[in-house]
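Engineer: Handing you this structure, nothing more for now.
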Amino acid sequence: MKGMLTPLTALFAGSFLAAIGQVLLKLGADGAIRLTDYFNLKLASGLAAYAFGTLLWIWALSRVPLNLAYAFTALTFLLVYLASVFVIGERLPTVSYVGLALVLSGFLLLSFGPR
């Protein structure tokens, strides 16, 4: 991974993969009733995306301060919310958009503000 990937890139990619994993887990679990219903491609893909994102996260953790890395959990939170609206079609109350703007502001300040 050396030279090919920066810790910041790994954090962004890990956040995206975690969000993709969450969406796929939701899509794969929807409508499942029996235990065997949970053995499907969407769930397996969600677990794989989440696992790969976790590996990137751990790699980045070995190279950046925890307080910087942990700010990227807010990015994952934002991405999952946006995916719930634009991919799954869920509706959010208007006040949620204010909350998302505040979370985004906090993420930007924590990640790219003065250290």
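The values are calculated or read from the model by the stated rules, or taken from the named source; none is laboratory data. These numbers were taken from a predicted model, which means no experiment stands behind them. Quick reminder, even Gly has a Cβ in these numbers, built from the backbone with ideal geometry, and neighbours come from all protein chains shown.
Engineer: So Ala83 passes all but one of these: (1) in contact (Cβ under 8 Å) with a residue 12 or more places away in the chain; (2) of a type in the set (Gly, Ala, Ser); (3) not in a helix (DSSP H, G or I). Which condition number does it fail?
Structural biologist: Here Ala83 clears every test but (3).
Engineer: Can you pull out the residues in segment 2-16 that are more than 14 Å from Ser111 (Cβ to Cβ) and part of a loop (DSSP other than H, G, I, E, B)?
Structural biologist: Residues satisfying the conditions are Lys2, Gly3, Met4, Leu5.
Engineer: If you check Phe52 against the conditions, is it over 21 Å from Leu102 (Cβ atoms) and touching a helix residue (DSSP H, G or I) at 6+ places or on another chain (Cβ under 7 Å)?
Structural biologist: Yes: the conditions hold for Phe52.
Engineer: Just to be sure, is Tyr70 aromatic (Phe, Trp, Tyr), at pLDDT below 95 and either touching a strand residue (DSSP E or B) at 6+ places or on another chain (Cβ under 8 Å) or over 19 Å from Leu17 (Cβ atoms) (or both)?
Structural biologist: The answer is no for Tyr70.
Engineer: Follow-up. Which number in (1) touching an Asp or Glu at 6+ places or on another chain (Cβ under 7 Å); (2) of a type outside the set (Phe, Trp, Tyr); (3) not in a helix (DSSP H, G or I) marks the one condition that Pro114 misses?
Structural biologist: Unmet condition: (1).
Engineer: Only one residue in Leu56, Leu100, Leu92, Leu75 is surrounded by fewer than 18 Cβ atoms within 10 Å (Cβ to Cβ) and in a helix (DSSP H, G or I), so which one is that?
Structural biologist: Leu100
Engineer: Take the residues in segment 17-40 that are of a type in the set (Val, Ile, Thr) and assigned to a helix (DSSP H, G or I), then tell me which one is farthest from Ile88 (Cα to Cα).
Structural biologist: Thr36
Engineer: In segment 31-44, is there at least one residue being basic (Lys, Arg) and either under 21 Å from Gly113 (Cα atoms) or in contact (Cβ under 8 Å) with a residue 40 or more places away in the chain (or both)?
Structural biologist: No, because not a single residue in segment 31-44 is basic (Lys, Arg) and either under 21 Å from Gly113 (Cα atoms) or in contact (Cβ under 8 Å) with a residue 40 or more places away in the chain (or both).
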